[in-house]
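Structure, as structure tokens:
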Amino acid sequence: MSATELTSTILGPIRLDGGSGGGWMETRVDLDGASVPLRLEVDHPDRFGEQLVFIIDIALTGLAEIEKMARGAIESELGQSGTAADKLFTAWRQSGFRRREDPNEFLADLSVTQIILLPDGGADQLDRMVFTYRLPDTPAPWKVVVRMKDRVGPVIDPAPRGGFV
């Protein structure tokens with residue numbers, strides 16, 4: 001696809017790569033003072049226009065608040081046996097990486113390591129934003145993925161079958 005370019009007040013020029021089935025752009029955004037990788041995915045690049053850029057800017061203007069909702073979903077799963085957040089918390093407590101019990105310290109240790117923004121999925125794709133959280137100094141598979149779904153809110157992906165080992 002030839003790059004379609006519009007300008008976001010947050011991201012600057014948006015240049016989509018891809019084909020007729022979808023376009024994307026990799027960049028970084030500031031989230032509470034940290035530079036976080038952001039992948040913008042557009043399902044219908046043929047309909048990419050000023051209205052969609054406006055939606056992108058609104059989402060990114062409220063990024064810190066949206067992330068707080070995602071983090072709140074993780075917090076709400078702590079203590080619920082079998083959930084991804086609780087399994088990661090248990091692994092964090094039992095690992096040689098951290099020997100603490102305080103859920104607030106666990107939550108403070110979690111970092112957003114990737115954000116995916118999907119502004120135009122419609123009924124085909126309910127995800128609007130996806131946050132990946134990881135703990136420092138832990139194996140790569142140790143992550144919690146929170147999907148902000150259209151008309152649903154935050155939904156956390158299940159933990160791996162064997163948990164975090």
**Check on residue 14, in contact with a Ser or Thr (Cβ under 9 Å, 6 or more places away or on another chain), of a type outside the set (Lys, Arg) and modelled with pLDDT under 95** = yes
**Asked** Considering only the stretch 81-96, how many residues are outside any helix (DSSP H, G or I) and either surrounded by fewer than 16 Cβ atoms within 10 Å (Cβ to Cβ) or at pLDDT 90 or above (or both)?
**Response** 4
**Every residue from the stretch 102-149 that is assigned to a loop (DSSP other than H, G, I, E, B) and surrounded by fewer than 14 Cβ atoms within 10 Å (Cβ to Cβ)** = 102, 122, 123, 124, 136, 137, 139, 140, 141
**Message:** Please go through the stretch 17-34 and give me each residue that is among the small types (Gly, Ala, Ser) and in a strand (DSSP E or B), ordered by number.
**Reply:** 18, 19, 22, 23, 34
**Qualifying residue in the stretch 58-66 (condition: of a type in the set (D, E, K, R), out of contact with any Cys (no Cβ under 9 Å at 6 or more places or on another chain) and in contact (Cβ under 8 Å) with a residue 12 or more places away in the chain)** = no
**Residues located in the stretch 35-57, provided they are assigned to a strand (DSSP E or B) and in contact (Cβ under 8 Å) with a residue 40 or more places away in the chain** = 36, 37, 38, 39, 40, 41, 42
**Item:** Boolean, residue 102 is of a type outside the set (Ser, Thr, Tyr), touching a strand residue (DSSP E or B) at 6+ places or on another chain (Cβ under 7 Å) and at pLDDT below 90
**Value:** no
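Within the stretch 7-16, identify whether any single residue is part of a helix (DSSP H, G or I) and surrounded by 14 or more Cβ atoms within 10 Å (Cβ to Cβ), and answer yes or no.
no
The values are calculated or read from the model by the stated rules, or taken from the named source; none is laboratory data. What you see is a predicted model, and the numbers here were worked out from it, not measured in a lab. Virtual Cβ from ideal backbone geometry, glycine too; neighbours counted across all protein chains shown.
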